[in-house]
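Below is one structure, written out as structure tokens; comments come after it.
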Amino acid sequence: AFRPPATFVFSDLRFSWKGKERLRIDQATFVLRWKSLFSETIKVEKVVVEDPFLMLQRYPDGSVDLFRFFARIPKRDTVQKRKILIESLSVTGGEVELWDGKVQKEPYPVRLSSLAVTAAELLFPPQQRDSNVTFQTFVGVGYFPPSGSLTLKGSVNLKEGDFKLSTELREIDLPLWSLYTATLPVALEKGRLDLDGEVTLRQKTLWGYGML
């Protein structure tokens, strides 16, 4: 008999840590293929995340607090792990706040707003395979409104952490990023940046090129 996919909707999901809200998702929708529950790989037809919020803090040593937290969670060894395949993922309307304590003593805010993320064929635990991704956002620094946009498109290998991404920056207000270029022999006093390029990470080696 035909069994339509099962849909699960979760609303107002929140995670707080150290007295602050660190993760919020207004709504998350999961569409699951029933038949896959009885197979080695559980297939999720699509995941739709709406209006998420994520706050991160970067320490002077360059590490990020939530990444530190999850890295400390003990990993369980199991004899056989079932796989989960997310066939389609989309994130809309999200926001990320990074409070950067590496560039100055008082953490400096960097904000990504109006996030739009899509990804296909995400397999967990990660395997030796690439997943196609797109990432679009407006970028703001300090306490100023967004001053430009960032678009990334390409492939990511979740197991190795490798990626190959085309990069597009538009209307980036350079003076707002002066803290990040303080050690360079240049002064960003005025101007805006447009950049098209490609960034690749393979075997822990990063390289890229771009055109201004």
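Bear in mind these aren't lab numbers, they're just calculated from the coordinates by the rules spelled out. Since the model is a prediction, treat every value here as computed from it, not as a measurement. Please note: Cβ atoms are built from the backbone with ideal geometry, for glycine as well, and neighbour counts cover all protein chains shown.
Here the dipole of segment 96-139 is about 100 debye; that uses its Cα centre as origin and unit charges on the Cβ of Lys and Arg (positive) and Asp and Glu (negative). Extents of segment 159-209, largest first, come to 40, 23, 17 Å (Cα atoms, principal axes, whole angstrom).
As a check on your grasp of the helix formula, calculate [θ] at 222 nm for the chain: sum -39500 (n - 2.57) over DSSP H runs of n ≥ 4, divide by the residue count, round to the nearest 500. Helix contribution divided over all residues of the chain: -1000 deg cm²/dmol.
Spin-label model, F15 to S155: label points 7 Å out along the Cα-to-beta-carbon direction sit 2.9 nm apart.
Structure remark: mean-square fluctuation, Gaussian network model of the chain, C-alpha springs under 10 Å; the largest value among Q57, Q136, Q128 belongs to Q128. What percent antiparallel are the DSSP beta bridges of segment 5-128, to the nearest 5? Given both bridge residues lie in segment 5-128, the antiparallel proportion sits at roughly 70 percent.
Exposed loop sites are taken as chymotrypsin sites (Phe, Trp or Tyr not before Pro) in a DSSP loop (any state but H, G, I, E or B) with at most 10 other beta carbon atoms within 10 Å; the longest stretch of the chain without one runs 3-142. Taking amide H as placed 1.01 Å from N in the peptide plane, L56 has its amide H under 5 Å from the amide H of E97, L98, W99, each at least 5 places away in sequence or on another chain. Note on K190: aspartates and glutamates with a C-alpha under 19 Å away, same-chain residues under 8 apart excluded, are E171, D173. Longest stretch of the chain clear of exposed loop sites (GluC sites (Glu not before Pro), DSSP loop, at most 13 other Cβ atoms within 10 Å, sites excluded): 41-188.
When N counts the residues of segment 115-159, how does its alpha-carbon radius of gyration compare numerically with 2.2 N^0.38 Å, as a ratio?
After normalising by residue count via 2.2 N^0.38 Å, the value is 1.50.
Taking a point 7 Å out from the Cα of D130 in the direction of its Cβ, the residues of segment 172-212 whose backbone N falls within less than 17 Å of it are 197-209. Counted by Cβ distance under 10 Å from I25, the other residues give a net charge of -2, where Lys and Arg count +1 and Asp and Glu count -1. In the chain, excluding the sites themselves, the longest stretch lacking any of the trypsin sites (Lys or Arg not before Pro) that are in a DSSP loop with at most 14 other Cβ atoms within 10 Å is 19-71.
Of the residues A120, L176, L98, the one whose Cα sits farthest towards the positive end of the charge dipole of segment 68-189 is A120 (charges of +1 on Lys and Arg Cβ, -1 on Asp and Glu Cβ, taken about the Cα centre).
The HN-Hα couplings worked out from phi for segment 158-172 by the Karplus form 6.51 cos²θ - 1.76 cosθ + 1.60 (θ = phi - 60°) are 5, 5, 8, x, 7, 7, 9, 10, 7, 10, 9, 10, 9, 6, 6 Hz, whole numbers, x standing for Gly and Pro.
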